[in-house]
Structure formats: C-alpha cells, structure tokens
Amino acid sequence: MSLSDLPDEALLVILNKLDTREAVRCSVLSRRWRRVPGMLPNIELDVDSFTPDHDDGFTSTLSDAARNNYAMVSAVQSLLSHESRHDIRRLDLSFFSRDESVGIIHAIDDAMARGRRILKMCFDVVSEKCYLECPDRDRVKQGKRLLYCFDAYPHVFAGLTSLHLECITVQGPCFSNVITACEKLSYLSLVYCDFGEETPLTIHHEHLRVVKLEFCTCDTVELEVPDLLKLMMSVWSWSPRRYPFVFGHAPRLQRLELAHAGLIDSKMLQLSKLLDNCTSLRELWLNFEREKVSQSKHR
C-alpha cells in the first residue's frame, strides 16, 4: 500500500503525532497528501520555532525577530487558506506584536467567514524586546494595534479561549470592553501592561476561569467573574488608597496567589475583607517581603 492509498483516518492519526511544521512538510510526500494542511485538527505555531538552525547567508535590514514574525504570518496564512470542511480543534499561536501580525488575525477571520469552525483558539502575543527594554512609545503603539484588531475583527476575539498579552498600554475601560467581548475566554494572562495609574480595570466575564497579572499598572482590579477558579497577581502598582483588587462576585475561587514586596505607603491588605465573597477558597499563597498584609479570619 502506498501513502496515497491511506484512508483519511490513518492520515490524521499520523498527523496528530507530529508538530504542525513537520505535518505540513509531509504534504510533499505524495499528491494525495497535498491536502494535508487543510486536514490538520490542531495547529500550533510559535514564532521562536522559525529561527533558522544555521546562517543561510541571507542579508536583510530586518531584525531576526521581524524575519521570524514574517515567516510566522506567512505560515498561518498558508495553512488557513486551504479549503476544508474539517474543524480545527485547537489553534494555538504565539507571535510578536508587530504591524504585520494583523495578517494573522485577518487570515483567521477569513477562514471563519468561509465557515471553518475553530473550537479552541489561543493567542500568545509577546514583545520582541525584553520587558524592561520596551519603551513607552512601543507599548502605546501595541495597545493601539490591539484595539484596531478588536474593532476590525470582532468575530476572532469572540472566539478566543485563551489570551496572553505583554507590554501594552491602553486605557482600562477600553481594555475591559475587549475582555467582555471575548465571549469564550477562559484564560487571561497580562504581563507589564499599563491601564492607567488612576484608572480601575474592570474584568466582567461569565466564563473566565484563570486570571494572571504580573507587573501591571492600574488603580485597582474589579472582578465580576462567577466561574473564576484561580487568580495570580505579582508586583502590581499598589495604590495607597485602594486595594489591588476587589471581588464583586467570585463564588468559585479556589486558589489565590499574591506576591509583592510592598512599599512604605502601601495600603495594608485585610484579607478577611478582600475575600468576603470567596466562600470556596482552598489555597492561599502569599509572598510579602514587608508584611503589608494582615491576618485573616476568613474560613
């Protein structure tokens, strides 16, 4: 039996054991396998995987990060351009926040418009520079790019199930609208994001289960998340007037992790007050170097 004689079910078993780039390379093995890219049930691509193993002698004014990102965009566009009736069970993409990355969102929107269903869609939008080296102007630009994509491709955001963002600056109310519109979102991770020192960040969502915030700036985080199971906060901009977060409704919260060095003028955290509406809490992890936290009688 030749490769061309294999039934679709056998092809899918083989493809599921390969990563996405290896599976796509299989399309050159036979004429029958040319339709392999359109059959992939899971598509997982990471911009870092496009780094060449050796110097190909190609000279370009683009940085390595830019070249990798252009290659990532081309790969996503090629994969999703194939006509297929097969559902994508999981679309997991990690890419840099750059102008050309809008092509990824457009390709997904086009595939969805052609009737292709994506059951789980995960975005890991990272910074091409180290957090500490990313200037404020880049963070503002990346925030504007996020809002542009949200306005231009609302159906893509409505289908997101997982979102990780790094180094963006955007006003808290605008970002709150983005999160609310991500109707299927269950995981949210924000790193080095600035929502305004005197602006509260409201996260009101019916299905979020995990929220992770690291080195973020805002006045406070107001949570209305009935399905929230896990909240992790590390090194936030601590207002002397407000608590770092306020639970409006989080009846299913089971695990809370808080880590912060604290400042002299930081507001003392009263855990019993903070956790008043969290009746299901089972695990509490604290790391406060300056003891800006009071004992709690919370059960």
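Couple of notes before you dig in:
- Links that overshoot a 20 Å alpha carbon limit, given the list LYS184/LYS212; LYS230/LYS273; LYS120/LYS184; LYS141/LYS212: LYS141/LYS212
- Global form of region 55-158, assessed from the alpha-carbon gyration tensor, a/c cut-off 1.5: oblate
- A Cβ-based charge dipole, computed about the Cα centre of region 121-192 with Lys and Arg at +1 and Asp and Glu at -1, lands at about 140 debye.
- The modelled label-to-label distance between LEU147 and ASP110, using points 7 Å beyond Cα along the C-beta direction, is 2.8 nm.
- Anisotropy class of region 101-225 from Cα gyration tensor, a/c 1.5 cut: oblate
- Area accessible to solvent at TYR243, 1.4 Å probe radius, in Å²: 30 Å²
The values are calculated or read from the model by the stated rules, or taken from the named source; none is laboratory data. A quick note: this is a predicted structure, and the numbers were derived from the prediction, not measured. Positions of Cβ are generated from backbone atoms using ideal geometry, with glycine treated the same way; all protein chains shown enter the neighbour counts. Just so you know, the surface numbers come from the protein's heavy atoms only, side chains and all, with ligands and any DNA or RNA stripped out. Shrake-Rupley method; radii C 1.70, N 1.55, O 1.52, S 1.80 Å.
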